[in-house]
Amino acid sequence: MATGRLGVGEILGALNAALGPGDPVWFKETHARHLRVRDFLAPRCALQARFANGQVPERVLHALVGLQGPGVAPVLCCAPTPAGLSLQLQRPAVFQRVLGAVASYATPANCASPGLRILLHCPSLRCRPGALRLSQLRAVLVADHLARALHGQGVCVRLVPAVPDPHMPAFLKKLRVDWPTASERVSAETLRRLVLAKFTSAQDQDTLPPGVLGRLDLKELVEEQGHGAGYDPNVNNCLVTEELLCVLAELQEAVQHWPEGNYPVLAPDSDNCMVIHVVSCEEEFQQQKLDLLWWKLDDQAPLRQKHLICGPVKGAGAAGTLMTAPEYYELRHAQVCKASALKHGSHLAQDPAWTEISEVLTVATIKFEMLSTAPQSQLLLTDIISTKGTKSGIFVMYNCARLATLFEGYKRNMEQGLYPTFPSVKSLDFSLLHDEGEWLLLFNSVLPFPDLLSQTAGLACTGPGLHISARTETVCKFLVQLSMDFSSYYNRVHVLGEARPHLFGQMFARLQLLRAIREVLHAGLAMLGLPPLSHI
């Protein structure tokens, strides 16, 4: 039997190659209605552009049915339909391949470029928690999520700044943001002497404002070095202060001292070294000045500096834009506690276990709110949260707890002798999985998850220009859809059936599928810094 992890990308690549030279035409189906009859489709209009009268040659159809290769699933049938060329996989064989190697589908499909090093800089973390605006909080959460995604891809990541404010680490811990703290401030004395010696005349010292060491012309630098693409045309003079030099000194130190690990030794100006500034839209102008100042004062500054801009955050009522990040956290925490008290009773407030659960639900609410929208887009916050909707972090955590309860129920019944111990996966008969929701979960959640992890860490940073984009919204959207599909299946199918031997085969096949769903769900939550919940 074939081994190795199946991949959506590999399947699509093989399907398109089988049609011969030309643009890709195949796509993966996702809607339950279409998955009842096919798994992949080559639309008729695309085939008409490729073949005369849209008629696919018989030899091509034979090649598609006999498709093989690394990561390619076996094909059951392929036939022309009014919609185009429809293809269905051998589903029991796909179940066997995927569910026989569950752990491999909770890791990224592809590793990053060997030796890639990224300095991830989030200027918002230099302020006090009480001064942190919602747009800055968004930048912090995007940076933390991106760091986790890059680490998962094997990228060497250095996080800057080391948080200087003594109160910020406690707030970040509450948000489950993993970021370094500062033990001591990096000295900027070398840069200070350079500015005074090379860029500040005696006449300047008499005319400069208090606290300013020098004035630099940045527009000339932009024109000289060709860094103009994406920079604000109003970036011109920069007033160099002690504070600005301290920021620059920390960035200098960071690119010279990378985390220990099995990483190749690289020069700071190597093409494999890149700085990504994750900034709120209000901070971008100042960060552009810092970029240019770094190039002006340091010949060894990284050649690639990119900006990931987080759009504005707006809200209605209590969640308005003037609210600080701690106030926003307290608002959402109060709403979570109130909703839970209405559902379960006010006595929950006295339960220490519930205190931790409410904090996790609050952070899940905030992160799904902040990260479910593409970071470059404007974000609109609602005044109140819904505990009954299907698009929230609470809904995802609730289904995580349902999964835990399901497996706890199996374990309890097994210990009581009602169910046998779980058999080896090789002995399971996955042809017993007939429900359309079972294929939906495997095909839309488990099978594509490795590719999704790789896409989350993928940065569009190879082209010219200052700005880059990132798909940090993909994990949240994926987990919401997974939870909706699982909830629909769970509400319709009684997984833990009656303790009758002839029913155990189907029960164990279903449990193995849900093991895979649990593995993927936990891996997705870990990308957000969220722990799985066993109950709510």
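The values are calculated or read from the model by the stated rules, or taken from the named source; none is laboratory data. What you see is a predicted model; the values in this text were computed from it and never measured. Cβ: placed from backbone, ideal geometry, glycine included. Neighbour counts: every protein chain shown. Note: accessible area is taken over every heavy atom of the protein model, side chains too, but ligands, DNA and RNA are not part of it. Shrake-Rupley method; radii C 1.70, N 1.55, O 1.52, S 1.80 Å.
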Check your understanding: Taking a point 7 angstrom from the Cα of Arg59 along the C-beta vector, which residues in the stretch 19-42 have backbone N less than 19 Å away?
Key -> 19-22
Point to revise | At 0.692 mPa s and 37 °C, Stokes D of the stretch 53-125 from Kirkwood alpha-carbon radius, µm² per second | key: 200
Review point. How much accessible surface area, in Å² rounded to 10, belongs to the heavy atoms of Thr81 with a 1.4 Å probe?
Key: 40
Point to revise | Separation between Cα centres of the stretch 284-299 and the stretch 156-179, rounded to whole Å | key: 24
Revision key, fill the gap. Residues whose modelled amide H sits under 5 Å from the amide H of Leu381, counting only those 5 or more places away in sequence or on another chain, are Lys314, Gly315, Ala316
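Which translational diffusion coefficient, to the nearest whole µm²/s, is obtained for the stretch 8-89 from the Stokes-Einstein equation, given a Kirkwood hydrodynamic radius over C-alpha pairs, 10 °C and 1.306 mPa s?
126
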Check your understanding: In what order, largest first, do Glu29, Glu436, Glu243 sit by accessible area if the probe radius is 1.4 Å?
Key -> Glu243, Glu436, Glu29
**Study point:** FRET efficiency, 1/(1 + (r/R0)^6) with R0 51 Å, evaluated for Glu408 and Asp23 via beta carbons
**Key:** 0.55
Exercise for review: Compute the signed sum of charges (Lys and Arg +1, Asp and Glu -1) over the other residues within less than 12 Å, Cβ to Cβ, of His257.
Suggested key: -1
Check your understanding: What angle, in degrees between 0 and 90 and rounded to the nearest 10, separates the Cα long axis of helix 325-344 from the longest principal axis of the Cα atoms of the chain?
Key -> 30
Study note, to complete from the structure: Cα gyration tensor of the stretch 138-202 diagonalised, 5x eigenvalues square-rooted, in angstrom largest first, produces semi-axes 32, 16, 10
Check your understanding: So what is the calculated 222 nm ellipticity per residue for the chain, using -39500 (n - 2.57) for each DSSP H run with n of 4 or more, over all residues, to the nearest 500 deg cm²/dmol?
Key -> -14000 deg cm²/dmol
Point to revise | Additional length obtainable on full extension of the chain from Ala353 to Thr207, 0.36 nm per residue less Cα span | key: 46.4 nm
Check your understanding: Could you give me the ³J(HN,Hα) list for the stretch 165-182, computed from phi with Karplus coefficients 6.51, -1.76, 1.60 and θ = phi - 60°, whole Hz, x at Gly and Pro?
Key -> 6, x, 8, 5, x, 5, 5, 5, 5, 4, 7, 6, 9, 9, 9, x, 10, 8
Revision key, fill the gap. Listed by chain and number, the residues whose amide H is under 5 Å from that of His467, excluding neighbours fewer than 5 places away on the same chain and using placed H, are His307
Review point. Pairs Lys174/Lys306; Lys306/Lys477; Lys219/Lys289; Lys173/Lys477; Lys314/Lys367: which exceed 20 Å Cα-Cα?
Key: Lys174/Lys306; Lys306/Lys477; Lys173/Lys477
Study note, to complete from the structure: Normalised Cα Rg of the chain, dividing by 2.2 N^0.38 Å with N its residue count, works out at 1.13
Check your understanding: Tell me, what is the Rg over Rh of the stretch 359-447, with Rh the Kirkwood radius over Cα pairs?
Key -> 1.11
**Study point:** Debye-sum result for the stretch 482-536 in log10 I(q)/I(0), which assumes one identical scatterer on each alpha carbon, at q = 0.22 Å⁻¹
**Key:** -0.94
